1. How do the peptides 48-60, 74-86 rank, highest first, by the average count of neighbouring beta carbon atoms within 10 Å per residue?
2. Any idea what Rg and Dmax come out to for region 70-111 if you just take the C-alpha atoms, in Å?
Amino acid sequence: MGGSGSKAKGFWPFSGSGSCDDQAKDANEQSLARTRSFPSATPFVFTRRSSLFFDEDGDLAHEFYEETIVTKNGRKKAKLKRIHKNLTPQGMIKLDFPCIHVDFPVVLCEV
């Protein structure tokens with residue numbers, strides 16, 4: 001009854017390795033040791049992958065639909081058909097304000 005995550009150490013330096021020795025250590029010592037071992041690592045995220053797509057005409061949107069006319073029993077009915085082909089993702093976008101990475105283990109608060 002749990003998540004099926006990988007136990008191997010990931011790319012992010014603040015993520016846990018999943019071994020018993022690491023779990024027995026104090027959380028503060030763990031995070032300090034990891035930040036010292038990766039001095040160039042930052043807890044901030046400056047870019048993210050966009051969820052928008054470009055279509056053939058250069059329009060930018062989350063989803064694209066095409067209106068089709070269906071004739072059923074002599075009656076014409078307009079239906080929307082979702083387009084899945086010929087869409088290119090927007091790619092990486094720069095965030096206006098940096099966010100804190102979800103794997104950063106320290107709780108930040110203002111006193």
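1. On the way: 48-60: 11.2, 74-86: 8.9.
My ranking of the peptides, most packed first, is 48-60, 74-86.
2. 23.9, 72
All of the numbers you see were taken from the coordinates with simple rules; none came from a lab. Treat the numbers as computed from the prediction; the structure is a model and nothing was measured. Note: ideal-geometry Cβ built from the backbone for every residue, glycine included; neighbour counts use all protein chains shown.
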